[in-house]
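So the structure is just underneath, and the comments pick up after that.
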Amino acid sequence: MTAGTQRDTTALRPRTREELTRGTFDLLVIGGGILGTSVAWTATQAGLRVAMIDAGDFAGATSSASSKLVHGGLRYLQTGNVRLVAENHRERRSLASDVAPHLVNHRPFLVPVYAGGPHGAAKMGAGVFLYSALSAFGDGMGRLLSPKQAKRLAPGLRTDGLKSVAAYSDHQMNDSRMAVMTVRAAVDAGAVVLNHAEVRGLRTTGGRVTGADVRDRIAGDEFGVDARLVLNATGPWVDHLRRMEDPDAAPSVRLSKGAHLVLRTPEPWRAALTIPVDKYRVSFAIPWEGHLLLGTTDEAYEGDPADVGVVSTDVDQILSEASLGIEPSYLDRDRMTYSFAGLRVLPGGPGDTSSAKRETVVSQGRGGMLSVAGGKWTTYRHIGRTVLEELRKVTAVPVGEDMADPLRTVPLPGLASPDAVAQRLIMDSEPGARLDPLVARHLATHYGSLALDLAAMIRDEPALGERVHPDGPDVWAQVVFARDREWAVTVDDALRRRTTVTVRGLDTAEVRERTERLLAG
């Protein structure tokens, strides 16, 4: 589905259900988060017939509850994992330059060094220099700044006791938009996808898992999907699905909750803060969508994944840790517009979750179902390759060595320079009704060249160019676009994961009611 293509994904739901029941897929991916979308995209590039379903929305749980970072992992240097940092840097730069420059944005980061803090200036200076060297100095050289220089980049930086500030570079993104664009890429390559489609049971043939019985949560219809291989990529629910295959399956993962807060700031920040909490843990304060994103927590979670949320103790912890590097006036609870929490899926084992390895684990059950767990956005394309290599070992799936390299540079839809797109949006808008530069920039950095499709919708129906809320840059064309071409079905699909309305605290009752009418119609 390329720019300009018309595809009404809402009207296609019945047709999609029918297509899912037709014939046998090479691979059925259950779960549409980081793992599922990556595998679906990679496997279709490799020539497989792929189906992907999710009980909720694509990236509707953990995968849209990240810290929004595409990074090398500065803290991994603390544990001596230099090779991992170098690998992360290579993929970070590939995403930012070749795969999704319209979605992945450069961001300066600052590490404040305080008197009596866990790290000294010399150590941090050496650390950010090495960090930059491992990325071949592609984003400049890590260095030390004076408190005055740093304050100009991060106005809320606490200067009491501040000795020095180490500066380095990383990238950030809107994880929900990355997920939606990856789903579009998988569909472009031939995948058949459906969200809000819950697995009610697994199909078996001769003791092997060969599909799933599914219920469309929107229409209420039930149908079956047959596949040569089923991949369980359900994140925090991975063991729930494994027990459908084998009721006696032992737990394979443990969960860690990460909570975040979103706050308004009195002025824009040009740099993020990486605030040392102790020798190993850090807290982030990241400019994001015109706000400040604070977090994250890291604590064991044993409840129902569907019930995870931010509680008062999370808010207390995040604000307390942020206060180590941010002036108190910036941390007023009245500034909070939104909060969210997700669950990291970690390998099972002893010890604190904060020290557990952040790695992708692939296993196979007694019925032949593959289960994949763990991973992060920075290396999400590598996860697809890892799973594809496992698929090569399964003779029922025709993945040969002659298949295309899944990590060749295949860009996500909308690939374009955001600056160029924003300029064109402004210049092409109707005389006397110029598109607001803030709106143009917002569309360009969330859709790339696909923003031109939204501009065409606005020309045809000018009312769609109105802002969803006067305090934010999202316009009503985005809601219609989300409905017709991005699988948005519910109000939260549209306002939280296709637009930035909810995270800005702008999803008023009136906004939600109008969104619901648009989605229905």
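Just so you know, all these numbers are worked out from the coordinates, no wet-lab data involved. These figures come from a predicted structure and were not determined experimentally. Virtual Cβ from ideal backbone geometry, glycine too; neighbours counted across all protein chains shown.
The table below gives the values:
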quantity: Percent RCO, i.e. relative contact order, over segment 418-520, from Cα pairs under 8 Å lying at least 6 residues apart; calculated: 20 percent
quantity: Aspartates and glutamates whose Cα lies under 13 Å from that of Lys393, excluding same-chain neighbours fewer than 8 positions away; calculated: Glu401
quantity: For Lys163, distant residues with modelled amide H under 5 Å away; calculated: Val113, Tyr114, Ala115
quantity: Pairwise FRET efficiency - Ala133 versus Glu302, Cβ, R0 = 25 Å, nearest 0.05; calculated: 0.05
quantity: Cut-off under 5 Å, modelled amide H: who pairs with Val209 long-range; calculated: Gly368, Met369
quantity: In nm, spacing of pseudo-spin labels at Arg434 and Ala250 (7 Å Cα→C-beta vector); calculated: 6.8 nm
quantity: Within segment 418-520: Cβ-based charge dipole about Cα centre, in debye rounded to nearest 20 (Lys, Arg +1; Asp, Glu -1); calculated: 180 debye
quantity: Cross-link partners of Lys148 among lysines (Cα-Cα below 19 Å; sequence separation of 8 or more within a chain); calculated: Lys163
quantity: Length added when fully stretched, Ala219-Thr313, from 0.36 nm per residue minus Cα-Cα; calculated: 30.0 nm
quantity: Projected area averaged over orientations for segment 206-265, convex hull of C-alpha atoms, nm²; calculated: 7.5 nm²
quantity: Helix-only mean residue ellipticity at 222 nm for the chain, each DSSP H run of n ≥ 4 adding -39500 (n - 2.57), per residue, nearest 500; calculated: -9000 deg cm²/dmol
quantity: Percentage relative contact order, segment 100-232, counting C-alpha pairs under 8 Å, at least six apart; calculated: 22 percent
quantity: Förster-model FRET efficiency, 41 Å R0, Glu516 and Asp419, C-beta, rounded to 0.05; calculated: 0.70
quantity: Fully extended contour minus Cα-Cα distance, from Ser146 to Val277, at 0.36 nm per residue; calculated: 45.1 nm
quantity: Whole-number D in µm² s⁻¹ for segment 418-520, Kirkwood Cα-pair radius fed into Stokes-Einstein, 4 °C, 1.567 mPa s; calculated: 96 µm²/s
quantity: Rh by Kirkwood over Cα pairs, then Stokes-Einstein D for segment 247-387 at 0.890 mPa s and 25 °C, µm²/s; calculated: 145 µm²/s
quantity: Residue order, fewest to most beta carbons within 10 Å, for Tyr301, Tyr380; calculated: Tyr301, Tyr380
quantity: Per-residue ³J(HN,Hα) for segment 506-516, Karplus 6.51 cos²θ - 1.76 cosθ + 1.60, θ = phi - 60°, Hz, x for Gly and Pro; calculated: 10, 8, 5, 4, 5, 5, 5, 5, 5, 4, 4
quantity: The chain - Kirkwood radius from inverse mean 1/r over Cα pairs (Å); calculated: 23.8 Å
quantity: Packing-based exposure ordering (other Cβ within 10 Å, fewest first) of Thr24, Thr37, Thr44; calculated: Thr24, Thr44, Thr37
quantity: Taking Leu74, Leu95 and counting other C-beta atoms within 10 Å, the order from fewest to most; calculated: Leu74, Leu95
quantity: Separation in nanometres of the label points that stand 7 Å from Cα toward Cβ, at Thr265 and Ser94; calculated: 3.1 nm
quantity: Partners for Lys257 among lysines (Cα-Cα distance below 16 Å; same-chain residues under 8 apart left out); calculated: Lys68, Lys357, Lys376
quantity: Distance-filtered residues of segment 278-315 - backbone nitrogen under 15 Å, label point 7 angstrom along Arg333 Cα→Cβ; calculated: 310-315
quantity: Whole-Hz ³J(HN,Hα) from phi, Karplus 6.51 cos²θ - 1.76 cosθ + 1.60, for segment 27-33, glycine and proline x; calculated: 9, 10, 9, 9, x, x, x
quantity: Relative contact order %, the chain, counting alpha carbon pairs below 8 Å whose residues are six or more apart; calculated: 20 percent
quantity: Among Met124, Ser363, Val491 the positive-end extreme of the charge dipole of the chain (Cβ point charges); calculated: Met124
quantity: Residues with amide H under 5 Å from that of Asp221, placed H, sequence gap 5 or more; calculated: Asp216
